[in-house]
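Below is one structure, written out as structure tokens; comments come after it.
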Amino acid sequence: MKGTSLTLFLGPQGSFTQQAAKRLMPKAHLREAGSIEEIFELLDKQKDTYAVVPLRNSLAGDVSETVALLQRYPMVEIESSHVLKVSLCLAANAAEPVEEIYSKDIAFEQCSVFLKVNYPHVKLTKVNSTSEGAKLATENRHTAAICSELAANTYGLSVLAKDIQNNQDNQTTFILIRST
């Protein structure tokens, strides 16, 4: 049943979690969720469902939300894991002056050197995922996102800078989980 089951991932489309889900569950029906907490809530209600969530990043450490939810939902078990290389870019709807950048909090940490040097006074707005940041950046000419190139391409954004993470060996461990 595992191969073709419904598998939730932190969306929207173009997220690193979606990429990991495709690797962990290549034949599964994938469905995006808006937050890691929403994923755990859905797993609690739908027993034959799997999900993929980020657990740990090599630069920023544990994804505290995932760790806390694993403790809060003891019926959720880890089935397997996948390590994904994380390459981040700065993407925008247009080459306008950037006044605000959207991304996940961990992505801001992973790109802190780039941001300090190139965008020290720009407003940084935390969202649920890097791909959500990319989606939001399509709505305003003066915003950008720190995201994957896949997310930038998915939402038609121009890549302003590639490989902006502090360390080129940046990796995130994603886990496949299910409720028992």
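The values are calculated or read from the model by the stated rules, or taken from the named source; none is laboratory data. What you see is a predicted model, and the numbers here were worked out from it, not measured in a lab. Every residue, glycine among them, receives a Cβ derived from its backbone with ideal geometry; neighbour counts consider all protein chains shown.
May I ask you to verify whether L115 is over 17 Å from the mean Cα position of the chain (by Cα), buried (at least 16 other Cβ atoms within 10 Å of the Cβ) and closer than 18 Å to Q165 by Cα? Write out each step before concluding.
Working: over 17 Å from the mean Cα position of the chain (by Cα): yes; buried (at least 16 other Cβ atoms within 10 Å of the Cβ): yes; closer than 18 Å to Q165 by Cα: yes.
Yes, satisfied.
Scan the stretch 72-103 residue by residue and report those that are crowded, with 21+ Cβ neighbours inside 10 Å and either without any contact (Cβ under 8 Å) to a residue 40 or more places away in the chain or of a type in the set (G, A, S) (or both).
A91, A92, S103
For the stretch 99-180, give me every one of the strands (runs of 3 or more DSSP E) that falls completely inside it and has 1 or more residues that are closer than 30 Å to K45 by Cα, in contact with a helix residue (DSSP H, G or I) (Cβ under 7 Å, 6 or more places away or on another chain) and among the aromatic types (F, W, Y).
The qualifying strands (runs of 3 or more DSSP E) are 171-179.
List every residue pair whose Cβ atoms sit under 7 Å apart, with the two residues 6 or more apart in sequence or on different chains, where the first one lies in the stretch 56-71 and is of a type in the set (S, T, Y) and the second, anywhere, is surrounded by fewer than 14 Cβ atoms within 10 Å (Cβ to Cβ) and in a loop (DSSP other than H, G, I, E, B).
Close Cβ pairs (under 7 Å, with a partner that is surrounded by fewer than 14 Cβ atoms within 10 Å (Cβ to Cβ) and in a loop (DSSP other than H, G, I, E, B)) amount to S58/D169.
Examine the stretch 166-175 for a residue that is hydrophobic (A, V, I, L, M, F, W, C) and in the same structural domain as P12 (by TED's automatic domain parsing), and state whether such a residue exists. Talk me through it step by step, then tell me what you get.
Step one: filter the stretch 166-175 for residues hydrophobic (A, V, I, L, M, F, W, C), giving 174-175.
Retained after the next criterion (residues that are in the same structural domain as P12 (by TED's automatic domain parsing)): 174-175.
Yes, there is a match, as at least one residue in the stretch 166-175 is hydrophobic (A, V, I, L, M, F, W, C) and in the same structural domain as P12 (by TED's automatic domain parsing).
What about T49, is it touching a Pro at 6+ places or on another chain (Cβ under 9 Å) and outside the structural domain of T125 (by TED's automatic domain parsing)?
No.
Give, as residue ranges, the helices (runs of 4 or more DSSP H) completely inside the stretch 9-89 that count at least 1 residues that are touching a Gly at 6+ places or on another chain (Cβ under 9 Å).
16-24
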